[in-house]
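*Asks:* Sending over a structure as structure tokens; questions will come in a sec.
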Amino acid sequence: MNFNITALVPELFFLCLVLTLMVQSLGTREWKPPVERWLPFGACAAFFVTITGFHLHGTMFWDVYKVDLMSQFFKIVITFGFYVVVLNASRQPTLEEGKRADYYMLLGFSTFGLMLLASSVELITIYLALELASYSMYAVIPLRAKDKGAAEAGIKYIMFGAVATALALYGLSYIMATQHTTYIAELMNKSWSFADQPMAVVGLSLFLGGMFFKLALFPFHFWCPDVYQGASNETAAFVATMPKMGAIVVLCRLAVLLKPGLEITTILAVLGACSMTFGNLSALAQTDIKRLLGFSSVAHAGYIMVGLVSGTPEGIAAAAFYGMAYLVMNLLVFWIVSRVASDGRNLKLSDLNGLYKKAPVLAFSLAAGAFALVGLPPTMGFMGKFFLITSAWDHGYNWLVITLVVNSAIAIYYYLALFRHAFTEEKTPSQVAPPDNGWFASAGAGMLAAAVLVIGMIPAPLFNFAINAGKTLYGISVTFAGGGH
Amino acid sequence: MLDFGYPVLTILIAFPLIAACGLFFLRAPQVVRYYTMAVSLIECLLAVPLMGFKLNADFQFVEKIDWVHQWGLQYYLGIDGISILMVLLTIAVLPLCVMCSWTYIGKREKEFHFCLLFMTSAVLGVFCALDLVLFYVFWEAMLIPMYLLIAVWGGDDRKYASLKFFLYTLAGSTLLLAAIVAFRITGGTFSIPDLMQMNFSFRFQFWAFLAMALAFAIKVPMFPFHTWLPAAHVQAPSAGSVILAAVLLKMGTYGFLRFCLPLTPAASQYFAPMMIAISIASILYGGAIALGQSDIKKLVAYSSVGHMGFVTLGIFLFDQRGVEGALFQMLNHGIVTGALFMMIGAVYERSHSREISKNLGLGKYMPAFMFFWGLMALASLGFPGTNGFVGEILVFIGAFQVSPFIGMFLVPGALLGAAYMFRVSLKMAWGKPSSAKTWRDLNAREWIYLTIPAVFVLWIGLAPAPFFNIIDPSVDKLLNDFDKRKVAVVETEQPMQTAAADVLGLLAEKE
């Protein structure tokens, strides 16, 4: 078994972090570990350790685990996400005191699963990592004290998750039976045409279904708005962003199997188009902000498909970049949702009224987040969408690009509603807790908003990283120092 | 290459935005106003190096930096004879906007002035950008401050008007984005000057033109895409209306000149009859509806639809006089309609009404005001000696040169313009006031912000030669290129079969 411990430093560091949390969670009720005092620093350290390991590479464990540019890109994104989620959740009002360490441990395990997912290049390994990432989520979602909706959300997530997982496993068996391998590198050389290998195509479709569940792609999206609504704001921030990164990295890896014109590619394109359209149209009618974001994430899952079906390194890079953009934008919006709902309630759109007066930094950051989600320049949402469109145009899916463009126009209405309520509505509903306007809330929102804007204006460094990662998936050698410029 | 030792255009674009951030450290509304005024005057000073503009058709003050290498995105700025006037107009309008909202804006002054400065940056960027994506970035960035200007400081119906404005323009510009990407895929670059050298297939031009033209037509706005404009104008505060009329609408016609004619010449030729028909419809419709308005602001808003119709008509005549007239009309409309909106704001501050019937007999109490109003009204209807005449007569000449049939339609358009302007002016000057009011005449601030446009009205009207010198070389080049490339494409291409077959062809096209 080949094994290269230096290539695993980020994972090992993170594993230590999670194990420490596990030890803490074993503490008795009398001993309340001050987990929120040290964990943000630990998560921040994990993020920096992962950044320093961006150039690591190697294949290990009988070639099922591959550390390459793509995996490192996503590990950086995932650890960054975990850091923000931990900061965000550190002021969670609806979480019982005694459950805090357990809560972070579960989030940590899920994140660890996602990190493994980023490096898995074999279907069974992918499946196992996916399960590791999912199990903790099943426990975390209902953790919202005194809320019946939380239980419903938890059950929905488990039921849908179980069905999706079962489908994925079923599909996996088809792939194994027909292609006689589960290694993506070998699957790349097999035929994926329906005429040659109908069973394999069906199997891959089902296997992808497992990923689609995580990504909340139509028609696997039904859990999404309900779970967001039922889970606490902070948990929803995690569920809305992190598992999607895992799904996107796997889809990026599997996208090398897809060539434009294949049946399976067309299925993905059609699902993407449906996802955008259904997501956006449903979001139009929402007044609960988390439900709105839930349906919007269905639409965003569709956008990501546009990059994946193009069958080029640029397309995969665009999808990866958009995935990152999506994580940052969504964390930003959820950060604000969590701060405005300082008592942990679910926010209605009208709860944002007059936010510019009560918390100007939060309001400005919300504007940056909302416009990034729309895809208005100069935000990273625009750049991401622009890369997606450019990569897919002229690769046989022009209609999909047009669908994306039309959908962006539809989406304006409800994202603008966030902005409209925060900036132009004066009347505020009475008898609700005021938003948290402390330095912590403002600093976090301000920094995420700055990231959204700065990466939107200067996307080149990150995009170089993504495109080099995309090229490595296709076996095109890259010199990292060259970087493009 | 830099014509100057320092990047003029970048500084012009960046300065208002950076200065706007300084507003957050200010508190007192009066300080905010003085600060913004100072910023806008400094911005005018920063534009002084533009006087070094050489009278030729090249892009000047060019700045070019790699932005995203993989996708060929560049930070690429430059101006020619077509854009420099728009740039100067934008910069000149800023201090006027600050002045006319001095007492008009009574809440959230800081944010208001931030929006003004932000918008100036974005609009300047639109007129300077030579990279398609950069253009699009600025084009979209301007939406947010304008939305806020209407939605926060607007009239009673501001929510509806602002939302309509935002949705309309953004829906149009998403198609523009699709066209931009299509240009990159087909032409291999986003650089506008490079794309101007290429001959695209007619089929490609057909679709690219349609996508771009819709975005621009909404922005202009051309009939029947104009419905957002009266709502936005009426609800917006004076400064918002001024910017909207003076520069934002010009972005649409500028788009036609900068993109449609040079990049899709054959399609422009193909669609010219349709564009001309829509322009004439805009002129007649705008004039006729303006005639029936009882709200002064609505009247001027609808008159904008008509005036901008003259601009688009001039552009799609593909005639030297016509295009020059269009450019002049763009400038004139900016000056005159901007001034009219400022005056409507001034009247509103006194009478708290924009109804004509509530503002009768101003000539008695406000002679100075009526003098300026009369001058602007004459300029608006194209009276000889004012700037409006120069632009309108050129479009007329162009139209009659191309076809007397088209020219004939312009006559009622011009008559309508005279009718609604005289009607409102007569009532405002000599109508019988419903109640005896003693309104004070213009104060010093109002004198300043009305004198400046008045000087330009007479300058362009009496001595337009310097302006011709600036725009002529660029217009010459634009039309020469247009003629050559239109022919080049048409000779090598087979004529279009049917649009339906083409849609199917595009959809079925695979690599």
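*Asks:* About the Cα centre, and with charges only on the beta carbon of Lys, Arg (+1) and Asp, Glu (-1), how big is the dipole of chain B? Nearest 20 debye, please.
*Replies:* Dipole size: approximately 1840 debye.
*Asks:* Remind me, relative contact order of segment B:275-346 in percent, using alpha carbon pairs under 8 angstrom and six or more residues apart?
*Replies:* 30
*Asks:* Another question about this same structure. Can you sort A:Phe14, B:Phe405 by solvent-accessible area, 1.4 Å probe, largest first?
*Replies:* Final ranking, largest accessible area leading: B:Phe405, A:Phe14.
*Asks:* For the charge dipole of chain B, defined by +1 on Lys and Arg C-beta atoms and -1 on Asp and Glu C-beta atoms about the Cα centroid, which residue among B:Ser279, B:Thr451, B:Phe209 has the Cα displaced farthest towards the positive pole?
*Replies:* Of the listed residues, the answer is B:Thr451.
*Asks:* Under Stokes-Einstein, with the Kirkwood radius over Cα pairs standing in for Rh, what whole-number D in µm²/s applies to segment A:219-341 at 25 °C and 0.890 mPa s?
*Replies:* Once the numbers are plugged in, D ends up at 167 µm²/s.
*Asks:* For segment B:22-64, which trypsin sites (Lys or Arg not before Pro) are in a loop by DSSP, counting at most 14 other Cβ atoms within 10 Å?
*Replies:* Taking segment B:22-64 and a limit of 14 other Cβ atoms within 10 Å, the loop trypsin sites (Lys or Arg not before Pro) found are B:Arg27, B:Lys54.
*Asks:* Something else now. Stretched out fully, how many nm does the piece from A:Val454 to A:Asn2 gain, at 0.36 nm a residue minus the Cα gap?
*Replies:* That works out to 158.6 nm of additional length.
*Asks:* Two-decimal Rg/Rh of segment A:7-144 from alpha-carbon positions, Kirkwood Rh?
*Replies:* 0.99
*Asks:* Compare the Cα positions of B:Ala151, B:Thr10, B:Met86 along the charge dipole of chain B (+1 at Cβ of Lys, Arg; -1 at Cβ of Asp, Glu; about the Cα centre) and return the one farthest towards the positive end.
*Replies:* B:Ala151
*Asks:* Which angle between 0 and 90 degrees, to the nearest 10, do you get for helix A:263-284 versus the longest principal axis of chain A when only C-alpha atoms count?
*Replies:* Once rounded, one gets 10 degrees.
*Asks:* For chain B, go through all pairs of different Cα atoms, get the mean of 1/r, take its inverse, and jot down that Kirkwood value in Å.
*Replies:* 23.1
*Asks:* How tilted is helix B:296-316 with respect to the longest principal axis of chain B? Cα atoms for both, answer in degrees (0 to 90, nearest 10).
*Replies:* 30
*Asks:* Of B:Asp295, A:Asp394, which has the most accessible area with a 1.4 Å probe, and how do the rest follow in descending order?
*Replies:* From most exposed to least exposed: A:Asp394, B:Asp295.
*Asks:* Here's a follow-up. With a 10 Å radius around each residue's Cβ, average the other Cβ atoms per peptide and rank A:354-366, A:54-66, highest first.
*Replies:* Going by the mean number of other Cβ atoms within 10 Å, highest first, we get A:354-366, A:54-66.
*Asks:* Another question about this same structure. From the Cα gyration tensor of segment A:142-248, with a ≥ b ≥ c the square roots of its eigenvalues, which class applies: rounded if a/c is under 1.5, or else prolate if a/b is larger than b/c, or else oblate?
*Replies:* prolate
*Asks:* Ignoring ligands, DNA and RNA, how do A:Ile175, B:Ile42, B:Ile289 rank by accessible area with a 1.4 Å probe, largest first?
*Replies:* B:Ile42, B:Ile289, A:Ile175
*Asks:* Just to confirm a number: summing +1 for Lys and Arg and -1 for Asp and Glu over residues other than B:Arg33 whose beta-carbon lies under 12 angstrom from that of B:Arg33, what do you get?
*Replies:* Value of the local net charge: +1.
*Asks:* How high is the relative contact order of chain B, in percent, with contacts defined as C-alpha pairs under 8 Å that are six or more residues apart?
*Replies:* 15
*Asks:* If you take the Cα Rg of segment B:37-154 and divide it by 2.2 N^0.38 Å, with N the number of residues, what do you get?
*Replies:* In units of the globular-protein estimate, segment B:37-154 measures up at 1.18.
*Asks:* Quick check: from the Cα gyration tensor, does segment B:1-76 come out rounded (a/c under 1.5), prolate or oblate?
*Replies:* oblate
*Asks:* Report, as an integer, the average count of C-beta atoms from other chains found within 10 Å of each Cβ along A:456-464.
*Replies:* Taking the mean over all residues of the peptide, I get 3.
*Asks:* Given an 8 Å cut-off on Cα distances and at least 6 residues of separation, report the relative contact order of segment A:329-473 as a percent.
*Replies:* The normalised contact order for segment A:329-473 reaches 42 percent.
*Asks:* Given the options B:Gln401, B:Ser425, B:Trp439, identify the residue whose Cα lies farthest towards the positive end of the charge dipole of segment B:387-456 (+1 on Cβ of Lys, Arg; -1 on Cβ of Asp, Glu).
*Replies:* The residue sitting farthest along the positive end of the dipole is B:Trp439.
*Asks:* Averaged over peptide A:255-261, how many Cβ atoms belonging to another chain are found within 10 Å of each residue's Cβ?
*Replies:* For peptide A:255-261, the averaged partner shielding equals 1.
*Asks:* Taking Rh as the Kirkwood radius, which is the inverse of the mean 1/r over Cα pairs, what is the Rg/Rh value for segment A:337-391?
*Replies:* 1.12
*Asks:* Across peptide A:384-393, what mean number of C-beta atoms from other chains lies inside 10 Å of a residue's C-beta?
*Replies:* Mean shielding count: 5.
*Asks:* With a sphere of radius 14 Å drawn around the Cβ of A:Gly302, what net charge do the other residues whose Cβ falls strictly inside it have (Lys, Arg +1; Asp, Glu -1)?
*Replies:* +2
*Asks:* Based on the Cα coordinates of segment A:290-382, what is the per residue volume of their convex hull in Å³?
*Replies:* 86
*Asks:* Next question, about the same structure. With only Lys, Arg, Asp and Glu charged, each at its Cβ (+1 for the first two, -1 for the last two), find how big the charge dipole of the protein assembly as shown is about the Cα centre; round to the nearest 20 debye.
*Replies:* 2540
*Asks:* Quick one: putting +1 on the C-beta of Lys and Arg, -1 on the C-beta of Asp and Glu, what dipole do you get for segment A:138-237 around its Cα centre, in Debye to the nearest 20?
*Replies:* That gives a dipole near 200 debye.
*Asks:* On to the next question. Please report, largest first and rounded to whole Å, the three semi-axes of the ellipsoid equivalent to the protein assembly as shown, where each semi-axis is the square root of five times an eigenvalue of the C-alpha gyration tensor.
*Replies:* 54, 33, 23
*Asks:* Below 12 angstrom from the Cβ of B:Lys64, what's the summed charge of the other residues (Lys, Arg +1; Asp, Glu -1)?
*Replies:* Net charge around B:Lys64: -4.
*Asks:* Report, to the nearest 10°, how far helix A:69-89 tilts away from the longest principal axis of the Cα atoms in chain A, using its own Cα long axis and a range of 0 to 90°.
*Replies:* Taking the Cα atoms of chain A, the angle to A:69-89 is about 20 degrees.
*Asks:* Next up: What 222 nm value per residue comes from the helices of chain A, counting each DSSP H run with n ≥ 4 as -39,500 (n - 2.57) and dividing by all residues, nearest 500 deg cm²/dmol?
*Replies:* -23500 deg cm²/dmol
The values are calculated or read from the model by the stated rules, or taken from the named source; none is laboratory data. Nothing here was measured: the structure is a model prediction, and the numbers come from that model. All Cβ positions, glycine included, derive from the backbone under ideal geometry; neighbour counts span all protein chains shown. Side chains are part of the model used for accessible areas, which takes the heavy atoms of the whole protein and leaves out ligands, DNA and RNA. Shrake-Rupley method; radii C 1.70, N 1.55, O 1.52, S 1.80 Å.
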